[in-house]
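First the structure, in the form of structure tokens, and then the observations on it.
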Amino acid sequence: MAPCDRKLDELDARYIWHPFTRPGGGSKPLLIASGAGAVLRTADGREIIDAISSWWVNLFGHAQPEIAAAIARQASELEQVIFAGYTHEPAIRLAESLCAIAPKNLQKVFFSDDGSTAIEVALKLAWQYWQINGEPDRQRIIVFEGGYHGDTIGAMSAGVSSGFFEAWRQQLVPCDVMPWPATWDGDTAVEGREKEALDQLDQFLSRHGQHTAAMIVEPLVQGASGMRFVRPGFIAEATRRIRQTGALVIFDEIMTGFGRTGTCFALEQTGGVPDLLCLSKGLTGGFLPMSVTLVDDRVYEAFHGDDSRVLFSHGHSYTANPLGCAAALASLKLLQQESTVEAWRRIEEGHRAGMKSLDGLPGVSRRRIRGTIAALDLAADDSGYHSAIGQRLGRWFRERHQQPRSALLRPLGNVVYLLPPYCITDDELAFVYEELAAGIRAVQQ
Ligand SMILES: *Cc1c(COP(=O)(O)O)cnc(C)c1O
């Protein structure tokens, strides 16, 4: 390690409190100096293949030149302007581009800063919508077991069952949690679980449907609670039932958006269109924090008028930041190249081969692939986010960073998953699977 790095390590320890990390607990954060493509580099040249897109944000690689250039250009034109009463071209062009790829009913864009705030916007809109519409008793929110929607109060409330928020249980808004019939490749009992889940939803709706403001769901894949897949038909059925009660449907595609599941949005596979669609993470290609809540015309129109009751009193300092918009426009341009769809197919193929290569490894179950996302469960005595085997494996992957080449993999409890940037090469992906196999072998001993 170069001397200047040691200094930075010390300063980091002295001044920084890292997210989801115990202060003073175990390993030091690894200092990353640069990135290119799927590769992150330390100052002394060690390479780390980023198999999780740096917390699911990166789409086209680190320091991707077109996006970097777009941000630089924008920064020398207009870095930021108040968005209440003022507007700018990057926001207008981005909103138009997003609406062009979104379902036809979603043609209004509300900007905010990150996934959590996009969720807060959706929840607050849903609650206020019913007040405006003369049904103030419609305030209940339906969520799913294991759903995760972010770390602010409203988002934590909707994600109450994800297991991350025990410390704040008393502070959360009550939500109604429905079962999530998770499935995997070769699962033969999913139909029964789906039926039970839908029966429970029906029972709930027959009692409380008229008091339900909205349902919020991660369509196809629940991310943070362990890459838990459902079949598309389940989302379609749940959505249909919610619609029959008149309640709003919120899709949280903050993780699944922009191609992760093999289509631009997961909703293209589920059928059933939401009234509110939350997007973030990949929106700027992983360069800048930004999010949007896309809003159905009917919801938007309810907020028309001069009455103060219909004012949506919400906005962030950096709403529609021009640099973020410029990054997002550049990223959308890359997304629309034919080679992007090819990359999704290629990665899915790579996952199939990689998962197959794990045949016979002890303790591996529930292998599952959807588009560019692959996951498996490890046998554990304890499951959940703090599972001992997941912690051991996480430590093993971090210790591997001492090698000239290693993989960035970060288990979610006893679940290991890959969610690579679309530029990952076949060789890099195969290498990640080799690392994964070696790690599993090491921790199973
Ligand atoms: C990450 C995530 C969020 C929260 O986004 P932040 O940018 O971390 O606030 C919400 N929903 C889903 C599905 C996510 O994966």
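The values are calculated or read from the model by the stated rules, or taken from the named source; none is laboratory data. Given the structure is predicted, the values throughout are model-derived calculations rather than measurements. Please note: Cβ atoms are built from the backbone with ideal geometry, for glycine as well, and neighbour counts cover all protein chains shown. Note: accessible area is taken over every heavy atom of the protein model, side chains too, but ligands, DNA and RNA are not part of it. Shrake-Rupley method; radii C 1.70, N 1.55, O 1.52, S 1.80 Å.
Amide H of residue 412 versus every other amide H placed in the peptide plane: which residues, excluding those fewer than 5 positions away on the same chain, fall under 5 Å? So residue 412 has HN proximity to 417. A probe of 1.4 angstrom, applied to the heavy atoms of all protein chains, finds residue 16 with accessible area near 90 square angstrom.
Between residue 78 and residue 441, the FRET efficiency from the beta-carbon distance, with R0 = 60 Å, is close to 0.65. Karplus-based coupling profile of the range 227-239, in residue order and whole Hz: 6, 9, 8, 10, 6, x, x, 5, 5, 4, 5, 4, 4, with θ = phi - 60° in 6.51 cos²θ - 1.76 cosθ + 1.60 and x standing for Gly or Pro.
Listed by chain and number, the aspartates and glutamates whose alpha-carbon sits under 12 Å from that of residue 333, ignoring those within fewer than 8 places in the same chain, are 66. DSSP bridge analysis restricted to the chain gives an antiparallel fraction near 65%, rounded to the nearest 5. The mean accessible area for residues of the range 374-430, using a 1.4 Å probe and ignoring ligands and nucleic acids, is 42 Å² per residue. Backbone phi angles across the range 433-440, fed through the Karplus curve with coefficients 6.51, -1.76 and 1.60 (θ = phi - 60°), yield HN-Hα couplings of 5, 5, 4, 4, 4, 4, x, 4 Hz in residue order; Gly and Pro are listed as x. Ellipticity at 222 nm from helices only: DSSP H runs of n ≥ 4 in the chain, each -39500 (n - 2.57), divided by the residue count, give -12000 deg cm²/dmol. Between amide H atoms placed 1.01 Å from N, distances below 5 Å from residue 407 occur with 49, all of them 5 or more places distant or on a separate chain. Largest GNM mean-square fluctuation across 415, 364, 109, computed for the chain with C-alpha springs under 10 Å, falls on 364. Computed from backbone phi, the HN-Hα couplings of the range 113-118 come to 9, 7, x, 4, 6, 4 Hz, rounded to whole numbers (Karplus: 6.51 cos²θ - 1.76 cosθ + 1.60, θ = phi - 60°; Gly and Pro given as x).
Surface composition of the range 1-97: carbon plus sulfur atoms contribute 60% of the solvent-accessible area (1.4 Å probe, protein chains only, all chains present). For the range 65-121, which chymotrypsin sites (Phe, Trp or Tyr not before Pro) are in a loop by DSSP, counting at most 14 other Cβ atoms within 10 Å? Answer by residue number: 86. What the range 190-268 shows is 31 Å² of accessible area per residue, with the surface traced by a 1.4 Å probe over protein heavy atoms. Sequence neighbours fewer than 8 away in the same chain don't count; with that in mind, list the aspartates and glutamates whose C-alpha is under 15 Å from residue 104. The qualifying aspartates and glutamates are 96, 268, 275, 296, 297. Rounded to the nearest Å, what's the spacing between the alpha carbon centres of the range 255-310 and the range 92-107? Just the number, please. Computed from Cα coordinates, the inter-centre distance equals 9 Å. Any idea which of 212, 192, 267 is furthest toward the positive side of the dipole for the chain, if Lys and Arg beta-carbons carry +1 and Asp and Glu beta-carbons -1? In the chain, that residue is 192.
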